[in-house]
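Heads up: the structure comes next, in structure tokens.
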Amino acid sequence: MVRLSKAQKKELYHTIKGTRDIFGDEYLLREDFIEHAKKTASFYGFGPIATPHIERTELFEATLGETTDVVEKQMYTFKTRGGESITLRPEGTAPVMRAYAEHGMHTWSQPVMFWYEGSFFRHENPQRGRFREFSQFGLEILSADDALADALIIHVLFLIIRETGLEEVTVHLNSLGCKDCRTSYRKELGTYYRKHIHQLCKDCRRRAKDNPLRVLDCKNEQCKEASEHAPQIINFLCGVCRQHLKELLEFLDEAQVPYLLDHRLVRGLDYYSRTVFELFYESSAETAVAEPEEKKPEEKEREKTDAAAQTATQQTRKTSLALASGGRYDYLGAMIGNRDVCAVGGALGIDRIIALLQEQNIQPKKPYRPKVFFIQLGLAAKRKSLRLVEALRQAKIPLAQSLSKDSIKSQLKIADRLNVPYALILGQKEAMDDTIIIRDMDSGAQETLPFGKSIDYLKQRLKGRK
Ligand code: HAM
């Protein structure tokens with residue numbers, strides 16, 4: 001047995017950095033939101049899929065890109081006793097593509113459309129709306145090259161968010177082209193950044209060589225400045241990619257989804273081709289989606305050395321937060337399987353959306369509001385209580401009860417606090433007689449009824465009461 005010191009015990013009271021407990025109204029709000037997202041996705045033809053929380057490490061290494069932040073620094077990877085390298089899923093797209101290959105879904109009627117929901121894990125620095133365990137609701141359309149599929153993904157994610165009541169959502173869009181146009185663009189961009197290498201932050205100096213596209217979305221002020229006159233991908237798109245983008249914009253116009261072409265949007269994962277997008281919540285007021293966590297001294301030191309980056313982060317806090325993102329990933333299928341699968345998808349960050357809803361004081365639709373408080377006194381009553389409670393459940397009468405040995409006085413106090421219209425009192429005598437006392441909590445009037453009649457009586461009385 002491990003014996004814990006006092007200090008260790010104190011630590012145990014806290015969740016691990018970047019994770020948190022979810023309960024009460026926040027939990028209910030999430031349930032409402034997920035229900036709404038599932039309904040909307042189902043209406044548009046998406047079906048459910050749940051993939052495991054753990055996958056082979058290579059699945060992510062081979063698809064997300066070796067020089068991406070997720071693969072370089074953020075994966076929770078461990079070796080099993082058998083020596084296999086396993087990773088807690090940092091995202092859901094590669095697993096869905098794995099499932100498509102594994103189950104021979106190319107033989108199904110195409111395209112195959114999925115929604116999924118659940119926890120994902122990234123070892124990031126926790127800050128506003130950024131956790132190490134977070135939840136996404138994702139949509140994927142596999143085997144579809146038409147721009148209509150891209151538009152559908154963006155449209156449905158946009159609808160899901162907007163219909164929660166969050167109005168200030170803007171779609172940022174870009175095209176990263178295909179293998180052909182991206183190669184010449186990368187080359188040109190690499191040449192450009194090599195000329196501006198001294199302006200770039202430490203990370204971007206390396207990125208300029210390995211993956212110059214990533215310099216474009218660096219938040220460091222100096223890097224942003226250096227990128228101002230960088231070549232733009234739009235001027236490098238081949239005819240087919242240009243046409244794809246044009247059609248996508250036309251579909252979005254038709255669906256009345258407001259968008260902004262953002263040539264600096266490249267996304268942090270390597271598997272994207274053509275369409276990439278992010279849905280930003282843009283507000284002029286500073287919002288406190290999640291308290292920044294106490295930073296370790298070495299983290300503070302690192303931030304001090306990069307003052308420009310810090311200012312940039314603070315500015316971003318004031319203005320925008322990515323609620324959903326995604327894009328097309330036509331090459332991902334071939335990265336892990338034997339065939340090309342044109343596909344597009346996106347995922348929204350549930351934690352961020354719920355935090356914004358809470359901030360706007362949006363309440364869960366159906367918080368559990370008991371209508372009856374059940375008081376049982378004595379052993380005989382306790383024995384009978386299970387039968388009565390079950391009868392109330394069958395009659396769909398929401399109930400609360402005290403399971404401790406409180407006196408009738410203190411139990412009535414709880415009933416008062418819960419603001420229930422009725423209390424049911426089952427004492428020794430009632431238990432023997434097969435009766436129950438029904439107390440009107442407003443007037444204090446009490447009636448004793450045969451057990452068998454009490455449910456119908458309550459149903460009648462509660463009719464139409466919220
Ligand atoms: P992603 O941009 O990494 O894309 O994540 C999608 C969304 O998840 C983000 O827009 C954000 O709202 C939320 N999110 C990401 N990281 C965190 C975090 N650490 N804490 C809280 N929320 C977070 C993907 O994961 C792609 N698989 C999306 C996709 C689907 N692309 C194609 N299909």
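Details
- Positions within region 111-126 being in a strand (DSSP E or B), more than 9 Å from the ligand (Cβ to nearest atom) and not polar (S, T, N, Q), in sequence order: Val112, Met113, Phe114, Trp115, Tyr116, Glu117, Gly118
- Conditions (1) part of a strand (DSSP E or B); (2) within 14 Å of the ligand (Cβ to nearest atom); (3) among the aliphatic types (A, V, I, L, M): number failed by Ile86: (2)
- Matching entry among Gly177, Gly129 (being away from the ligand (no atom under 16 Å from the Cβ), at positive phi and crowded, with 19+ Cβ neighbours inside 10 Å): Gly177
- You will find that of Ile438, Ile375, the residue that is within 44 Å of the chain's Cα centre (by Cα), over 30 Å from Arg20 (Cα atoms), outside any loop (DSSP other than H, G, I, E, B) and β-branched (Val, Ile, Thr) is Ile375 and no other.
- Looking at region 205-291, none of the helices (runs of 4 or more DSSP H) lying wholly inside it contains 3 or more residues that are over 26 Å from Leu157 (Cα atoms) and within 23 Å of the chain's Cα centre (by Cα).
- Taking every residue in region 342-359 that is under 29 Å from Asp330 (Cα atoms) and pairing it with any residue that is acidic (Asp, Glu), at least 6 positions away or on another chain, the pairs with Cβ-Cβ distances below 6 Å are Cys342/Asp145; Cys342/Asp330; Val344/Asp150; Gly345/Glu140.
- Enumeration of residues in region 357-392 that are over 20 Å from Met441 (Cβ atoms), of a type in the set (A, V, I, L, M, F, W, C) and surrounded by fewer than 18 Cβ atoms within 10 Å (Cβ to Cβ): Ile362, Leu379, Ala380, Leu386, Ala391
- Summed over region 442-453, the residues that are under 21 Å from Asp416 (Cβ atoms) and either touching a residue at least 60 places away in the same chain (Cβ under 8 Å) or assigned to a helix (DSSP H, G or I) (or both) give a count of 0.
- Unmet criterion (only one of (1) among the aromatic types (Phe, Trp, Tyr); (2) near the ligand (Cβ under 9 Å from one of its atoms); (3) touching a Pro at 6+ places or on another chain (Cβ under 9 Å)) for Phe158: (2)
- Counting only residues that are among the acidic types (Asp, Glu) and under 21 Å from the mean Cα position of the chain (by Cα), region 52-111 holds 3 of them.
- Condition check for Arg207 on (1) modelled with pLDDT under 90; (2) within 20 Å of Glu282 (Cβ to Cβ): one failure, at (2).
- Yes/no for Arg81 being of a type in the set (D, E, K, R) and assigned to a loop (DSSP other than H, G, I, E, B): yes
- Looking across region 182-205 at every residue that is basic (Lys, Arg) and within 27 Å of Leu237 (Cβ to Cβ), the one that is surrounded by the most Cβ atoms within 10 Å (Cβ to Cβ) is identified as Arg182.
- Hits in region 90-105 (condition: in contact with a Gly (Cβ under 9 Å, 6 or more places away or on another chain), more than 18 Å from Ala324 (Cβ to Cβ) and either of a type outside the set (Ser, Thr, Tyr) or part of a loop (DSSP other than H, G, I, E, B) (or both)): Met97, Arg98, Ala101, Glu102
- Test: Ala423 is in contact with a Lys or Arg (Cβ under 8 Å, 6 or more places away or on another chain) and either among the basic types (Lys, Arg) or surrounded by 12 or more Cβ atoms within 10 Å (Cβ to Cβ) (or both): yes
- All conditions in (1) out of contact with any Pro (no Cβ under 8 Å at 6 or more places or on another chain); (2) in a helix (DSSP H, G or I); (3) surrounded by 12 or more Cβ atoms within 10 Å (Cβ to Cβ) hold for Arg461, with the sole exception of (1).
- Residue match in region 14-31 (condition: in a helix (DSSP H, G or I), under 20 Å from Phe120 (Cβ atoms) and within 14 Å of the ligand (Cβ to nearest atom)): yes
- Filtering region 333-367 to residues that are near the ligand (Cβ under 9 Å from one of its atoms) and assigned to a helix (DSSP H, G or I) leaves Ile350, Asp351, Arg352, Ile353.
- Any hit, region 62-79, residues being of a type in the set (Asp, Glu) and at pLDDT 95 or above: no
The values are calculated or read from the model by the stated rules, or taken from the named source; none is laboratory data. Bear in mind that the values here come from a model prediction, so they are computed numbers and not experimental data. Positions of Cβ are generated from backbone atoms using ideal geometry, with glycine treated the same way; all protein chains shown enter the neighbour counts.
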